[in-house]
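Have a look at the structure below, then the notes.
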Amino acid sequence: PPTYLVGSIPFTNPIKTTLPVYQWVNAVDHGHEMTATNAGIMGAEKLGSDIKFIWNYAGNCLTNQHGGINQMHPILLDDKKCETIVVIDTTLTPSARYADFLLPSCLNLEEHDWTSDGDSNIAYVIFDNKCIEPLGEAKSIYDICAGVANELGVKEAFTEGLTQYQ
């Protein structure tokens with residue numbers, strides 16, 4: 001069976017509206033027009049607003065996981081449509097070129113981490129030891145999120161006084 005390293009997040013998302021993954025570009029461009037009938041919106045009859053903020057972590061999904069790259073390109077370049085794009089990654093991916101804020105993340109060699117079975121039929125977990133200190137300005141995703149929480153004035157609530165490894 002699959003092995004899950006993290007339990008549930010102690011937070012209930014008050015937003016119940018969801019959209020199919022390939023509809024996110026349309027939601028940036030004309031989300032206020034998207035409904036359950038014309039775009040597969042779930043949890044509401046209508047999306048109600050356009051997407052104005054994208055947080056893209058370790059995915060390069062703004063470009064490589066979309067069937068309409070040529071249609072997506074001018075939409076993401078228009079800062080009146082999507083006002084802020086944050087990209088967190090280890091390399092300058094094509095998606096990172098759209099970022100308003102580009103935050104360098106640690107490579108797997110630069111932090112302790114866990115690797116799970118990846119949904120194979122054999123359950124296992126491997127602990128990966130850090131080999132080198134983070135290069136340049138790279139930070140772990142935990143430290144990046146703690147820094148954002150600090151700027152929002154909620155660092156203590158986010159970290160609960162702990163560090164990534166405590």
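Is it the case that residue 69 is modelled with pLDDT under 90, open to solvent by 70 Å² or more (accessible area, probe 1.4 Å) and under 30 Å from residue 157 (Cβ atoms)? So residue 69 does not fit the description; no. Scanning region 135-155 for residues that are closer than 19 Å to residue 166 by Cα, in a loop (DSSP other than H, G, I, E, B) and either of a type outside the set (Val, Ile, Thr) or in contact with a Ser or Thr (Cβ under 9 Å, 6 or more places away or on another chain) (or both) gives a single hit, 140. Give the residue that is modelled with the highest pLDDT, with candidates limited to residues of region 78-116 that are open to solvent by 50 Å² or more (accessible area, probe 1.4 Å) and among the aromatic types (Phe, Trp, Tyr). So, considering only residues that are open to solvent by 50 Å² or more (accessible area, probe 1.4 Å) and among the aromatic types (Phe, Trp, Tyr), the one modelled with the highest pLDDT is 101. Scanning region 32-50 turns up one or more residues that are part of a strand (DSSP E or B) and surrounded by 12 or more Cβ atoms within 10 Å (Cβ to Cβ).
Could you grab me the full set of residues in region 7-31 that are in a loop (DSSP other than H, G, I, E, B) and of a type in the set (Val, Ile, Thr)?
Start the filter on region 7-31 by keeping residues that are in a loop (DSSP other than H, G, I, E, B), which leaves 7-17, 19-20.
The answer is 9, 12, 15, 17.
Kindly indicate which of 122, 88, 144, 132 is β-branched (Val, Ile, Thr), in contact (Cβ under 8 Å) with a residue 12 or more places away in the chain and over 26 Å from residue 62 (Cβ atoms).
On the way: 122 fails: in contact (Cβ under 8 Å) with a residue 12 or more places away in the chain; 88 fails: over 26 Å from residue 62 (Cβ atoms); 144 fails: over 26 Å from residue 62 (Cβ atoms).
Residue meeting the stated conditions: 132.
Scanning region 92-117 for residues that are part of a strand (DSSP E or B) and farther than 22 Å from residue 65 by Cα yields 113, 114, 115, 116. For region 35-63, filtering for residues that are over 17 Å from residue 85 (Cα atoms), touching an Asp or Glu at 6+ places or on another chain (Cβ under 9 Å) and among the hydrophobic types (A, V, I, L, M, F, W, C) leaves 3. Can you find a residue that is outside any loop (DSSP other than H, G, I, E, B) and without any contact (Cβ under 8 Å) to a residue 24 or more places away in the chain anywhere in region 61-71? Yes, some residue in region 61-71 is outside any loop (DSSP other than H, G, I, E, B) and without any contact (Cβ under 8 Å) to a residue 24 or more places away in the chain.
The values are calculated or read from the model by the stated rules, or taken from the named source; none is laboratory data. A quick note: this is a predicted structure, and the numbers were derived from the prediction, not measured. Cβ atoms come from the backbone with ideal geometry, glycine included; neighbour counts cover every protein chain shown. Note: areas computed on protein heavy atoms with side chains; ligands, DNA, RNA excluded. Shrake-Rupley method; radii C 1.70, N 1.55, O 1.52, S 1.80 Å.
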